[in-house]
Amino acid sequence: ERLRNIQSKLLALNIVCRIACSPFFHIPLYILHYTLYFMANTLHKVERLDKKKIIEKMFAGGSRSFSVFPLRVVYLPVEELEADASILISVSKRRFKRAVKRNRVKRQIREAYRVNKHELLNALAEKKCRLAIAFIYLSDQLTESSVIEERVKTALARIVEKVTVSDANMAAVAPMKP
């Protein structure tokens with residue numbers, strides 16, 4: 001079954017590449033590659049925040065944050081990232097002593113983000129903005145995956161709303177300057 005799934009993806013990619021290379025289809029291949037790479041329903045390495053300078057900048061100040069219990073979300077517009085949105089997931093050792101439980105919570109958050117990231121990525125691509133996002137788990141009890149997914153959806157919707165509102169405010173303020 002897995003082999004069939006891989007074969008069908010390769011066939012679809014082959015068909016898309018043939019169409020893209022035809023003289024009647026005028027989309028550059030790098031845009032097609034970007035779309036296939038980042039809009040896939042996976043979480044790639046470039047979508048994980050691992051740059052120490054950006055992480056320090058996020059928590060030193062200048063970033064925005066809000067809470068959707070059991071999560072606290074911190075985000076910062078950054079230009080140095082490869083992906084439109086890079087995420088960091090943190091579960092405190094103080095909350096869960098066992099690594100198994102910490103890893104379970106991280107896995108739940110990562111999966112919820114992976115499944116629901118497309119609205120955020122579309123909004124960021126439209127605004128030509130890049131974000132570094134940190135999800136910090138606040139509760140000291142394990143939570144069901146459905147609850148975490150619902151909260152991650154809410155958090156992503158709030159980020160999209162704030163990004164679009166902040167861009168609209170900047171556009172409204174810009175014409176006032178002489």
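The combined condition, being hydrophobic (A, V, I, L, M, F, W, C) and in contact with a Cys (Cβ under 9 Å, 6 or more places away or on another chain), is not fulfilled by ALA134.
Of (1) within 15 Å of TYR113 (Cα to Cα); (2) open to solvent by less than 10 Å² (accessible area, probe 1.4 Å), LEU88 satisfies all except one. Which? For LEU88, the failing item is (2).
Counting only residues that are touching a strand residue (DSSP E or B) at 6+ places or on another chain (Cβ under 9 Å) and among the β-branched types (Val, Ile, Thr), the stretch 55-70 holds 1 of them. For the stretch 19-41, enumerate the residues that are in a loop (DSSP other than H, G, I, E, B), surrounded by 10 or more Cβ atoms within 10 Å (Cβ to Cβ) and either aromatic (Phe, Trp, Tyr) or modelled with pLDDT of 80 or more (or both). Passing the criteria: only PHE25.
Could you look through the stretch 91-116, keep only residues that are within 15 Å of the chain's Cα centre (by Cα) and touching a residue at least 40 places away in the same chain (Cβ under 8 Å), and pick out the one that is surrounded by the fewest Cβ atoms within 10 Å (Cβ to Cβ)? That would be VAL115. Which of the residues spanning the stretch 121-167 are touching a residue at least 12 places away in the same chain (Cβ under 8 Å), of a type outside the set (S, T, N, Q) and in a loop (DSSP other than H, G, I, E, B)? Within the stretch 121-167, CYS129, ARG130, LEU138, ASP140, LEU142 qualify.
Scan the stretch 71-105 for residues that are part of a loop (DSSP other than H, G, I, E, B) and touching a strand residue (DSSP E or B) at 6+ places or on another chain (Cβ under 6 Å) and jot them down.
VAL78
Based on this model, can you work out whether ASP167 counts as open to solvent by less than 80 Å² (accessible area, probe 1.4 Å), at pLDDT below 90 and charged (D, E, K, R)? I'd like the intermediate steps shown before the answer.
Numbers: open to solvent by less than 80 Å² (accessible area, probe 1.4 Å): yes; at pLDDT below 90: yes; charged (D, E, K, R): yes.
Yes.
When you look at LYS127, is it among the basic types (Lys, Arg), touching a helix residue (DSSP H, G or I) at 6+ places or on another chain (Cβ under 6 Å), open to solvent by 70 Å² or more (accessible area, probe 1.4 Å) and at pLDDT below 95, yes or no? So LYS127 passes the test.
The values are calculated or read from the model by the stated rules, or taken from the named source; none is laboratory data. Predicted model only: the values in this text are computed from it and were never measured. Using ideal geometry, Cβ is built from the backbone for each residue, glycine included, and neighbour counts are taken over all protein chains shown. Accessible surface is based on the protein model in full, side chains and every heavy atom, while ligands, DNA and RNA are left aside. Shrake-Rupley method; radii C 1.70, N 1.55, O 1.52, S 1.80 Å.
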